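These notes are about the structure you will find just below.
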Amino acid sequence: MGSLGETIPEETCTKPPGIRFLEYIKNSAISFRAYQTIVLIVTFLAYASYHATRKTTSIVKSTLDPKASQVNLNFSPWPRNHFQRSTENKSVSTVLNSGWAPFDGSDGSAMLGELDVAFLAVYSLGMYFAGHLGDRLDLRIFLTVGMVGTGLFTSLFGLGYWFNIHNFYYFLIVQMIAGLFQATGWPSVVAVVGNWFGKKKRGLIMGIWNAHTSVGNITGSLIASALLKYGWGWSFVVPGLLISFVGVVVFLLLPVTPASVGADKDDDDEMQPPKKNAEGVTEPLLGSESEVVKDKPVGFIEAWKIPGVAPFALCLFFSKLVAYTFLYWLPFYITDTAIDGKYLSDETAGSLSTMFDVGGIVGGILAGYISDRLNARAITAASFTYCAIPVLYFYRSYGYVSLSMNISLMFITGMLVNGPYALITTAVSADLGTHSSLNGNSRALATVTAIIDGTGSVGAAIGPLFTGYIAAKSWNAVFTMLMTAALVAGLLLTRLVVAEVAAKIQFSGSQGSTQSRPEATV
């Protein structure tokens, strides 16, 4: 207790236990930049573990239903050509086991698609509530509960292997509850990072930080693939234990805001927490610097009305439809495609699919860097999306020619598909969460992030669901759906792109007139 007349800020008493221990070890307060480093590392590990648990289902699909990958052996890729594909190695995919009831029947792929849509439907709906709660609760506690809950229900799915459970509704309910807990992750981590980092170079910083999505997918793929030979249950239980452990780390170490730990801000603008005037995504969407007002949670409807939120949310709907179709079905698609005349095993296909996520890491960083340099989020996102359309066509048409061709096209596809997805869910969400229309209120970060990513997650649910039904008839139709979705995603940003271009033309014109004015007076 302080001396008479002295008050101790309430927020300094809420430091995470691990932070207090670190300060005790150093015998002095941790620097602001050190706190930022802790935030980046802890939130990176947190969301990587979320995606590691999310990825396992796609790896196990062809083990639960090995017959489904034989449904459509006689299709030919666009355009028809003279390359003949052998089916002599197709039996490789069934080496591990003969499937797992109830997914080993003729409707197995459709049932697996229903699991995906159930998970993602609850996830997207829960995202809206999670964002609302995230702006009102302690994000450190909220995130910890979400991670431990995710770990528990991911493990329960895997326990069906040892308890010999073959009831479809057991797996359905477990996936739905897991999706509800998963919804706590993204609004929380983006809000925390947004609290600690300003907008200068935010696209680049968040582009690098957003590699957690791909790192999590890669980690989940490698862990699940490596454990398949011991029984598919391990592919769920181990990632479930991993995210629970990281959840404990979050509880011990994560500082939610500078105020919560009494951190002093640096003078470096690009490393300071978000300013109250919020730059937004395009100059026309920005207002003049607003007066700082007392923060209070922003309502759901009010957040939707922030300029730029609706177009980017709808764009993400279609972008995530494409990205999550690859997330859930790419390993299955690889086992169903003869590459250089040979079919790959489930384990090999799972490992190979990580190249899509490696491309995603590069795409996220590149999109963030370009958007910072151009100061144009919409132009960058739309450009990546349009470029993804022909690459999707080439991957479908020529990815089977050779392994090197498949890897190269998969990498480029991942880069162009995940680039705008990463940009919108990170830098754009953080920009709009502190938009000038909020009059300096920074307590909209989780709500805005949840609206944008939640809307995107509806598309993420629809894509894998449709794929479960369409793939049984034609992968050509699946890729047509993906290219159409990419086109619509780009078109939805047209108005913002036009606004950004007009703003840049106006800015260039004003610069030219400013430079010519002194010459005229000489």
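The values are calculated or read from the model by the stated rules, or taken from the named source; none is laboratory data. Everything numeric in this text was worked out from a predicted model, so none of it was measured. When we count neighbours, we look across all protein chains shown, and the Cβ atoms used for this are built from the backbone with ideal geometry, even at glycine. Side chains are part of the model used for accessible areas, which takes the heavy atoms of the whole protein and leaves out ligands, DNA and RNA. Shrake-Rupley method; radii C 1.70, N 1.55, O 1.52, S 1.80 Å.
Based on the mean of other beta carbon atoms within 10 Å per residue, what is the order of 353-359, 469-475, most packed first?
353-359, 469-475
Between ILE41 and LYS305, what is the spin-label point distance in nm, taking each point 7 Å from the Cα along the Cα→C-beta axis?
4.4
Apply the Karplus curve 6.51 cos²θ - 1.76 cosθ + 1.60, θ = phi - 60°, to the phi angles in segment 110-124 and return the couplings in whole Hz, x for Gly and Pro.
Residue by residue, segment 110-124 yields 5, 5, 5, x, 5, 4, 4, 5, 5, 4, 6, 5, 5, 4, 5 Hz.
Roughly how many Å² of THR184 are accessible to a 1.4 Å probe, to the nearest 10?
So the heavy atoms of THR184 present about 10 Å² to solvent.
Between LYS342 and residues 5 or more places away or on another chain, which pairs have amide H atoms under 5 Å apart, with H built 1.01 Å from N, and which residues are they?
none
Using the Cβ atoms and a cut-off under 12 Å, what net charge is assigned to the surroundings of PRO331, where Lys and Arg are +1 and Asp and Glu are -1? Could the numbers behind the result be given before it?
Values: positive: LYS55, LYS61; negative: ASP336, ASP346, GLU347, ASP357.
That works out to -2.
Holding the Cα-Cα limit at 28 Å, pick out from LYS15/LYS55; LYS55/LYS305; LYS305/LYS504; LYS55/LYS342 the pairs that are longer than that.
Cα-Cα > 28 Å for LYS15/LYS55; LYS55/LYS305; rest within.
Express in Å², to the nearest 10, the accessible area of TYR47 obtained by rolling a 1.4 Å probe over the protein heavy atoms while all chains stay in place.
Counting only protein heavy atoms, TYR47 exposes about 10 Å² to solvent.
Arranged from highest to lowest average of other beta-carbon atoms within 10 Å per residue, in what order do the peptides 119-125, 209-215 appear?
209-215, 119-125
Expected output is a single nm value to one decimal: the length gained when fully extending between SER106 and GLN506, i.e. 0.36 nm times separation in residues minus the C-alpha distance. What is it?
138.0 nm
Subtract the Cα-Cα distance of ASN167 and LEU241 from 0.36 nm times their separation in residues, and report this length gain in nm to one decimal.
Working: separation 74, 0.36 × 74 = 26.64 nm, distance 2.38 nm.
In short, 24.3 nm is gained.
Could you compute the net charge surrounding PRO239? Neighbours are other residues with a C-beta less than 12 Å from the C-beta of PRO239; K and R count +1, D and E count -1.
+2
Ranked from the most accessible area to the least, with a 1.4 Å probe and all protein chains present, what is the order of CYS387, CYS315?
CYS387, CYS315
Any idea what Rg and Dmax come out to for segment 302-365 if you just take the C-alpha atoms, in Å?
Taking only Cα atoms of segment 302-365, I get Rg and Dmax of 16.7, 56 Å.
Which value, in Å² rounded to 10, gives the accessible area of LYS342 with a 1.4 Å probe and all protein chains present?
120
Return the ratio Rg/(2.2 N^0.38 Å) for segment 319-428, where Rg is computed over Cα atoms only. Each step should come with its number before you reach the end.
Working: Rg = 14.3 Å, N = 110, 2.2 N^0.38 = 13.1 Å.
Here the answer is 1.09, to two decimals.
With a 1.4 Å probe and every protein chain left in place, work out the accessible area per residue of segment 123-193 in Å², rounded to a whole number.
Counting only protein heavy atoms, the per-residue value for segment 123-193 is 37 Å².
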